[in-house]
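These notes concern the structure reproduced below.
The values are calculated or read from the model by the stated rules, or taken from the named source; none is laboratory data. Computed from a prediction, not measured in an experiment: that's the story for all the values here. Every residue, glycine as well, gets a Cβ built from its backbone with ideal geometry; the counts of neighbours run over all protein chains shown.
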Amino acid sequence: MKIKKELEIEKTYLIKYIPEDLFKCKSRDIEDLYIPKKTKHSRLRVRKSGDCFVITKKLPIKDKNSSFHSEFNLEITKQEFNALRSSKCNIVKKTRFYYPFQKMIAEIDVFRGKHKGLVLVDFEFKNKGELANFKIPDFCLADVTEEEFTAGGVLCKNSFSKLLPYLKKFNYKKV
């Protein structure tokens, strides 16, 4: 059993519009389970992405902004995923598109189910310099990295309609 620890440096944006060629890009359906169900912000995620199953624990790095996390990943089996899915958890379903942008890949998450209408864009960075030099693309509306409502462990507890008061602050239009 191998647990991988990674430093994750990322920015999250609300989408302004769907790029014209997005649906031609490689994509993957993702199902995220957040455990435990009754906490304010679940930090334990169990993910099914294609044929891969992973438990992830994300922890913010002290004295850093929300762009920086320690991420611990542990691969599990389909049977283990299904057993955890039958427990009390919150579920988020989305399709992730891998959209080439400049020399990066934008991970564009088109949410389904109770979050339908929400589209978030994540960019991951190799280092602080790359993050500092990044310019927001035209297809992105607003940086919501510091907004708790977009964190998976909080998002999972709300429907799109419950997110509307937060989204209106950014003039977000349902996509």
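When the range 138-148 is filtered for residues that are of a type outside the set (A, V, I, L, M) and either modelled with pLDDT under 95 or assigned to a loop (DSSP other than H, G, I, E, B) (or both), the ones remaining, listed by number, are D138, F139, T145, E146, E147, E148. Within the range 1-26, being of a type outside the set (D, E, K, R), closer than 23 Å to D143 by Cα and in a strand (DSSP E or B) holds for L7, I9, T12, Y13, L14, I15.
Take F149 and tell me if it is on the phi < 0 side of the Ramachandran plot and in contact with a strand residue (DSSP E or B) (Cβ under 8 Å, 6 or more places away or on another chain).
no
Cβ-Cβ distance below 6 Å, separation of 6 or more or different chains: which pairs start in the range 146-175 with a residue that is under 21 Å from R43 (Cα atoms) and surrounded by 15 or more Cβ atoms within 10 Å (Cβ to Cβ) and end on one that is at pLDDT below 95 and of a type in the set (S, T, N, Q)? So the pair list comes out as G153/S42; C156/N90; K157/N90. Just one of (1) in contact with a Phe, Trp or Tyr (Cβ under 9 Å, 6 or more places away or on another chain); (2) of a type in the set (S, T, N, Q); (3) part of a helix (DSSP H, G or I) fails for S161. It is (1).
If you check I18 against the conditions, is it farther than 17 Å from D122 by Cα and modelled with pLDDT of 95 or more?
Values: farther than 17 Å from D122 by Cα: no; modelled with pLDDT of 95 or more: yes.
In short, no.
Residue count for the range 20-39 under the criterion of being exposed (fewer than 15 other Cβ atoms within 10 Å of the Cβ) and either acidic (D, E) or over 16 Å from R96 (Cα atoms) (or both): the result is 7. Taken together, the criteria exclude I9 from residues that are at pLDDT 95 or above, surrounded by 15 or more Cβ atoms within 10 Å (Cβ to Cβ) and not aromatic (F, W, Y).
A Cβ distance below 6 Å, combined with a sequence gap of six or more or placement on separate chains, defines the contacts here; from the range 21-35, residues that are in contact (Cβ under 8 Å) with a residue 12 or more places away in the chain and farther than 20 Å from V92 by Cβ reach residues that are aromatic (F, W, Y) and surrounded by fewer than 18 Cβ atoms within 10 Å (Cβ to Cβ) in the pairs C25/Y98; K26/Y98.
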